[in-house]
Amino acid sequence: MPEHSSEPSPLAAHASPGEGAGVVTKLSPRSVPETVSRLVQMVEARGMKVFAVIDHSGEAEAVGLELRATKVVIFGSPLAGTPVMVTAPLAALDLPLKVLVWADGDQTKVSYTSPAHLASRYGLSDPLAGRLAGIDALTDAVVGA
């Protein structure tokens, strides 16, 4: 199978220690709440569904623990994801897509598993991998001006 490759975004940050292989991280000029709100709005504007927003830091606070601002937005499109899962049922472990929005000191970061990594993990053909690739442009738009 030909390897799915894409040019890294100029907005993407290099992986830092502790970040997993295949994770793309981009810097957002906005706060975590503002970035999450923008992501949700852009997902919905593109006709996709937001399945959940998980507020890890809010849940930690609710039990008396501290955690930097950390939220995960879970979203997708059954039209895009279903054919992937029909071909590769274990892809359901990574679908719908997830974007982590988190505070790293004074910087907000947006992280997600790269579509190329998912394609490789599940042996997806280029057409199926392409169904997941929109996350790159979406996150570029979220962190853009």
Original post:
So which residues in the stretch 58-74 are surrounded by 12 or more Cβ atoms within 10 Å (Cβ to Cβ) and either in contact with a helix residue (DSSP H, G or I) (Cβ under 8 Å, 6 or more places away or on another chain) or among the basic types (Lys, Arg) (or both), if there are any at all?
Top reply: 67, 68, 69, 70, 71, 72, 73
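Restricting to helices (runs of 4 or more DSSP H) lying wholly in the stretch 18-125: which have 3 or more residues that are at pLDDT 95 or above and more than 22 Å from residue 144 (Cβ to Cβ)?
Values: elements: 32-45, 56-62, 78-87, 115-122.
Hits in the stretch 18-125: 56-62, 78-87, 115-122.
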Original post:
Which of the residues that make up the stretch 75-115 are surrounded by 14 or more Cβ atoms within 10 Å (Cβ to Cβ), over 14 Å from residue 139 (Cβ atoms) and of a type in the set (A, V, I, L, M)?
Top reply: 80, 84, 85, 88, 91, 95, 103
Original post:
Quick one: residue 135 ticks every box in (1) of a type outside the set (Ser, Thr, Tyr); (2) in contact with a Leu (Cβ under 7 Å, 6 or more places away or on another chain); (3) free of Cβ contacts under 8 Å to residues at least 60 places away in the same chain; (4) surrounded by fewer than 14 Cβ atoms within 10 Å (Cβ to Cβ) bar one, so which box is it?
Top reply: (4)
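The values are calculated or read from the model by the stated rules, or taken from the named source; none is laboratory data. Just so you know, these numbers come straight off a predicted model, no measurement behind them. Reconstructed Cβ throughout: ideal geometry from the backbone, glycine too, with neighbour counts over all protein chains shown.
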